[in-house]
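Step one of this worksheet: look at the structure below.
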Amino acid sequence: MRSPYEPHRAVTPDDLARDRDLARDRDLARDRDRDPDRDGARARVLVVDDDPTVAEVVAGYLDRSGYAVDRADDGPAALTRARARWPDLVVLDLMLPGMDGLEVCRRLREHGPVPVIMLTARGDEEDRVLGLEVGADDYVTKPFSPRELVLRVESVLRRSRPAADGGHRLAAAGLSVDPNARRATKNGGELTLTLREFDLLAFFLRHPGRAFGREDLMREVWGWDFGDLSTVTVHVRRLRGKIEDDPARPRLIQTVWGVGYRFEPGGAVD
């Protein structure tokens with residue numbers, strides 16, 4: 001059976017034990033120089049996976065990268081842990097016993113906004129799209145490199161923080177985006193957007209009338225020079241569903257055939 005992660009070599013029980021010892025020694029040393037609540041300054045990541053080896057490896061890499069990590073091995077446990085201490089980000093396996101990752105993601109969204117990176121052992125596009133449709137901000141397909149996952153966590157968290165330069169409020173066509181407050185409205189009413197939907201809308205508002213390919217949007221909004229471009233397609237569709245008067249006949253985010261998409265504040269249909 002193929003391993004669900006791809007380290008440079010096989011991870012053995014001795015490796016995991018050594019990693020635990022190193023992490024313990026490092027934490028003890030850090031405790032001497034920090035306040036008692038040493039996790040208070042670290043971004044908190046909830047790792048949800050029913051495979052204990054995968055969960056331990058992922059948690060270990062995240063811990064060594066400076067994150068405070070909580071773990072859960074099924075959906076109900078994940079929701080309980082999230083309610084007890086709300087995470088800054090969730091790494092969520094799609095295939096969980098009892099309650100799958102899609103339902104966990106839906107229920108998390110009911111309690112509040114939180115970035116979600118979905119893990120899936122399946123290669124089918126349908127599974128990836130389903131994860132994005134319920135609000136996942138990114139996904140990683142097993143087998144995966146734990147180092148790549150850490151980079152994706154860093155990217156998602158970096159983009160979820162308020163703009164350091166006091167980003168200017170953006171407004172057009174009845175839409176308003178406040179990058180500092182991470183707040184978006186339409187005709188004065190609050191829009192419920194995921195992290196990536198918010199970033200995508202802000203990007204379109206910054207560049208009205210300009211056509212962008214999906215590769216451009218992947219690079220500028222997601223911060224990746226590679227990736228499944230269906231991610232962009234799904235997010236555009238979801239965003240249209242929230243800002244267009246008639247998503248079936250979009251006037252604001254228009255498709256430019258052979259190129260990609262263009263934001264038209266005037267709403268003229270080609």
Item checked: Subset of segment 152-176 [over 25 Å from THR141 (Cα atoms), at pLDDT 85 or above and not small (Gly, Ala, Ser)] -> ARG169, LEU170, LEU175
Notebook entry, point to check: Inside segment 87-101, can you point out the residues that are within 15 Å of the chain's Cα centre (by Cα) and open to solvent by 20 Å² or more (accessible area, probe 1.4 Å)?
Noted result: ASP88
Notebook entry, point to check: Is there a residue being modelled with pLDDT under 90 and of a type in the set (Ser, Thr, Tyr) anywhere in segment 58-75?
Noted result: no
Item checked: All positions within segment 69-83 that are over 14 Å from GLY101 (Cα atoms) and of a type in the set (Asp, Glu) -> ASP70
Notebook entry, point to check: For segment 227-234, does any single residue satisfy the condition of being assigned to a loop (DSSP other than H, G, I, E, B), touching a residue at least 40 places away in the same chain (Cβ under 8 Å) and not polar (S, T, N, Q)?
Noted result: yes
Next item on the list: For segment 114-124, name all the residues that are in a loop (DSSP other than H, G, I, E, B) and under 14 Å from the mean Cα position of the chain (by Cα).
Entry: VAL114, PRO115
Check: Given the conditions (1) surrounded by fewer than 18 Cβ atoms within 10 Å (Cβ to Cβ); (2) modelled with pLDDT under 90; (3) farther than 16 Å from VAL54 by Cα, which single one is not true for ARG128?
Finding: (1)
Check: GLU197 fails exactly one of the following numbered conditions: (1) touching a Leu at 6+ places or on another chain (Cβ under 6 Å); (2) surrounded by fewer than 17 Cβ atoms within 10 Å (Cβ to Cβ); (3) charged (D, E, K, R). What is the number of that condition?
Finding: (2)
Check: Given (1) open to solvent by 10 Å² or more (accessible area, probe 1.4 Å); (2) modelled with pLDDT under 95; (3) not charged (D, E, K, R), where does ALA211 come up short, assuming only one miss?
Finding: (2)
Checklist line | Output for segment 198-226, where each listed residue is over 18 Å from the mean Cα position of the chain (by Cα), part of a helix (DSSP H, G or I) and closer than 19 Å to ALA172 by Cα | finding: PHE204, LEU205, ARG206
Note to self: I'd like the full set of residues that are surrounded by fewer than 18 Cβ atoms within 10 Å (Cβ to Cβ) and within 17 Å of PHE212 (Cβ to Cβ), limited to segment 255-268.
What the structure shows: THR255, VAL256, TRP257, GLY258, VAL259, PRO265
Item checked: Close pairs (8 angstrom Cβ cut-off, 6 or more residues apart or separate chains): under 18 Å from VAL156 (Cα atoms) in segment 183-197, in a strand (DSSP E or B) anywhere -> ARG183/VAL177; ARG183/GLU190; LEU193/ALA184; ARG196/ASP138
Notebook entry, point to check: Can you tell me which of VAL177, VAL140, VAL153, VAL134 is within 13 Å of THR231 (Cβ to Cβ) and either touching a strand residue (DSSP E or B) at 6+ places or on another chain (Cβ under 8 Å) or not acidic (Asp, Glu) (or both)?
Noted result: VAL140
Next item on the list: Being open to solvent by less than 50 Å² (accessible area, probe 1.4 Å) and farther than 17 Å from LEU191 by Cβ is the filter here, so list the residues in segment 228-254 that pass it.
Entry: ASP228, LEU229, SER230, THR231, VAL232, THR233, VAL234, GLN254
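The values are calculated or read from the model by the stated rules, or taken from the named source; none is laboratory data. Since this is a predicted model, take the numbers as computed values, not measurements. Glycine also receives a Cβ, built like all others from the backbone with ideal geometry; neighbour counts cover every protein chain displayed. Quick note on the areas: whole protein, heavy atoms, side chains included, nothing else; ligands and nucleic acids left out. Shrake-Rupley method; radii C 1.70, N 1.55, O 1.52, S 1.80 Å.
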